[in-house]
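Here is the structure we will look at, set down as structure tokens.
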Number of protein chains: 4
Amino acid sequence: MRARFSTETERLEAFSDGVIAVIITIMVLDLRPPLGTDLKSLSSLLPTFAAYVLSFIFVGIYWNNHHHMLRASSGIDGRVMWANLHLLFWLSLAPFMTSWVGAHPTAAIPTALYCAVLLLDAIAYAILQTTLLAVNGADSPFAQAIASRWKGRVPIVLYALGIGLAFVSTILSDILVIVVAIIWIVPDRRFEAIIGQESSA
Amino acid sequence: MRARFSTETERLEAFSDGVIAVIITIMVLDLRPPLGTDLKSLSSLLPTFAAYVLSFIFVGIYWNNHHHMLRASSGIDGRVMWANLHLLFWLSLAPFMTSWVGAHPTAAIPTALYCAVLLLDAIAYAILQTTLLAVNGADSPFAQAIASRWKGRVPIVLYALGIGLAFVSTILSDILVIVVAIIWIVPDRRFEAIIGQESSA
Amino acid sequence: MRARFSTETERLEAFSDGVIAVIITIMVLDLRPPLGTDLKSLSSLLPTFAAYVLSFIFVGIYWNNHHHMLRASSGIDGRVMWANLHLLFWLSLAPFMTSWVGAHPTAAIPTALYCAVLLLDAIAYAILQTTLLAVNGADSPFAQAIASRWKGRVPIVLYALGIGLAFVSTILSDILVIVVAIIWIVPDRRFEAIIGQESSA
Amino acid sequence: MRARFSTETERLEAFSDGVIAVIITIMVLDLRPPLGTDLKSLSSLLPTFAAYVLSFIFVGIYWNNHHHMLRASSGIDGRVMWANLHLLFWLSLAPFMTSWVGAHPTAAIPTALYCAVLLLDAIAYAILQTTLLAVNGADSPFAQAIASRWKGRVPIVLYALGIGLAFVSTILSDILVIVVAIIWIVPDRRFEAIIGQESSA
């Protein structure tokens, strides 16, 4: 039974990897070469480039943690598949948001919406974690690993704050978003512990 | 022999996953950021966004069921490979249709054509199922699983109806399409039974 | 040693599948929704749609045969990897050619160039086959399978003919291209025999 | 423990393959069909086509060597995952750079920036190699394989030179870039030796 589950998980991972690989790469299509060939026309791309870097890091963080969380799970079911598609849906809006916020870096609504999509990504990730918890059971190593969930909750609070702050100053929202990126850039050690345990078993 | 078949199936699945991952993601390229930065310019994107959500769900449903059906099959052959490419062809029109219907949500012909492409997707899926049935044989667990085929036939009828109704009211077609989505959002339990059986064997 | 080779081949297949999946799907990006919503504005897309269908079939044929040929080979080496990238390069021009010939279906030069790219695809495929033959050796089952190479040579002759005929009538070139598609649509039975043999061994 | 590591590596490879497959293919989207249908309008695409060929070869070289380096490694860790995403980030700028340099092949700044991105790719690759070295340990076969690192250092020097020379003559930079491509087009034999060793073990 375990092996079968494992194969199911692998195709889910492979499909998610494919979607995330396309998302992370097509974002660059909005980085259009400038018409001129001088440094000044290049520098006009800086906000779009900065938005691209930030979105690349976020999608990278999600790929990284998605990878760790699925590997720590003993299997998946139909609800996990839809929770995963739900997460991929919100992640797929990254190119759109990056393009809009890159074109208007100091406008309140694009920045607020950027934070809102990040918030929906974080919520979708939390839902996926909950469906995986149901598959693994309350006494599983998976359940123990996510016992302390502050790391998933902090971004949700900060993104919500970022939506509001965008109407005060978009710089403040940008700082909050960068803070979350720094917190999450290190993959979830909790899951690494389980993976290590199972590997040596 | 079984192992070999299984590997063939895996590459077919991997290729299909790749194509579907690209289809589901490039649809978002038609969601162009508005020129303005106010809520009004954002709200003008609503029909395109709604079309994107609906198409994302449909492509997700196909991926999900494709996944289940192929896992329940004991192998593939040359005809299955072409039936699969045929399905991928009609699915690949999703970005085009989504873009057109999103730009003209209340026009009869775009909505009718959207239903027509969904109809061709459903027929292509039925053909793929038939070719897989030929590989598995009439007495296989696969054949038993698809004995009651109403779930595959209902969408075909509803989409055909949707094409006609688009010329009366596009809202009616939209409702039919959403009804089919709800019916299909739950993956096919019939195949899950076989997969479970084989796993415990 | 065999297992290792096999894993190498699998990553080559996986990468090729990824590239081909993107090629086959991004071609649809040139099928832009018409500005109008009537049948007349839709019918103006017919040449582009026809070019898309034809290119989809060609890329599908290459994927299908590539799949069969690699599975029949006992391994790969550095030259195979570059011969494979070379084939992917010419296949990657399919979206460009489809777009140009779709916009000007009766112009001589786009049609001639379309045939020229198909010719280069066929030559690249023949080169890949030759490098695989070197890996497998002259006495291998792989070598026996490709002893009669007419199926690979006929398209090369027909495409070359198609380039010239485009300057007489693009319809004649179109017919030749469709004839090749029909010849190749059935996957190479020669390789299927080897795969079957090895599976039962 | 080894098997587990190996699976980790495989998902990293699969994701990298996905991203590289998208990068290498979407570059072709900037090769827009000319409006005219004569040879003259086609010849105006030559610089863009040449830039596409060169970038395709570079991305192909990275895929090829990335493949060999990861296969020679006994595993990965969190730092390797980020070093790998860092490499993918700079590679993802290839479509942007190809498009800009293709539109202005003789302008100093686009050519200098093209060399600069190639330099950052090379540095990112060197960093990835260093993180893999840390995983494998100083006495590993991996460490021995990279003892002589001139092949990684020569491009770094040549690209840096290419940035400067672009302001003298872009032809000189182009020659340097082509020289590096020729040096690297043959995959790293050092890693092939390890792979061979382990396979026969």
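The values are calculated or read from the model by the stated rules, or taken from the named source; none is laboratory data. These figures come from a predicted structure and were not determined experimentally. A quick note on method: Cβ atoms are made from the backbone with ideal geometry, for glycine too, and the neighbour counts reach across all protein chains shown. We work out accessible area using only protein heavy atoms, side chains counted, and drop any ligands, DNA or RNA first. Shrake-Rupley method; radii C 1.70, N 1.55, O 1.52, S 1.80 Å.
Quick notes on this structure:
- Every listed requirement among (1) open to solvent by 30 Å² or more (accessible area, probe 1.4 Å); (2) in contact with a helix residue (DSSP H, G or I) (Cβ under 9 Å, 6 or more places away or on another chain) is met by C:Ser43 save one, (2).
- Residue pairs whose Cβ atoms lie under 7 Å apart, separated by 6 or more positions or on different chains, with the first residue in the stretch B:125-136 and within 21 Å of B:Gly60 (Cβ to Cβ) and the second modelled with pLDDT of 90 or more and of a type in the set (S, T, N, Q), are B:Leu128/B:Asn84.
- Residue within the stretch B:107-124 that is open to solvent by 30 Å² or more (accessible area, probe 1.4 Å), among the acidic types (Asp, Glu) and in a helix (DSSP H, G or I) present: no
- Yes/no for D:Trp90 being of a type in the set (Phe, Trp, Tyr) and either touching a His at 6+ places or on another chain (Cβ under 7 Å) or closer than 12 Å to D:Ser16 by Cα (or both): no
- Some residue of the stretch A:140-151 being part of a helix (DSSP H, G or I), of a type in the set (A, V, I, L, M, F, W, C) and more than 26 Å from A:Ile76 (Cβ to Cβ): no
- 1 or more residues among the aromatic types (Phe, Trp, Tyr) and away from chain D (no Cβ under 11 Å): qualifying helices (runs of 4 or more DSSP H) within the stretch C:1-106: C:46-72
- For the stretch D:94-124, the set of residues classified as touching a residue at least 60 places away in the same chain (Cβ under 8 Å) and among the β-branched types (Val, Ile, Thr) consists of D:Thr98, D:Thr106, D:Thr111, listed by residue number.
- Test: residue in the stretch A:48-63 that is open to solvent by 30 Å² or more (accessible area, probe 1.4 Å), closer than 20 Å to B:Leu45 by Cα and of a type outside the set (Phe, Trp, Tyr): no
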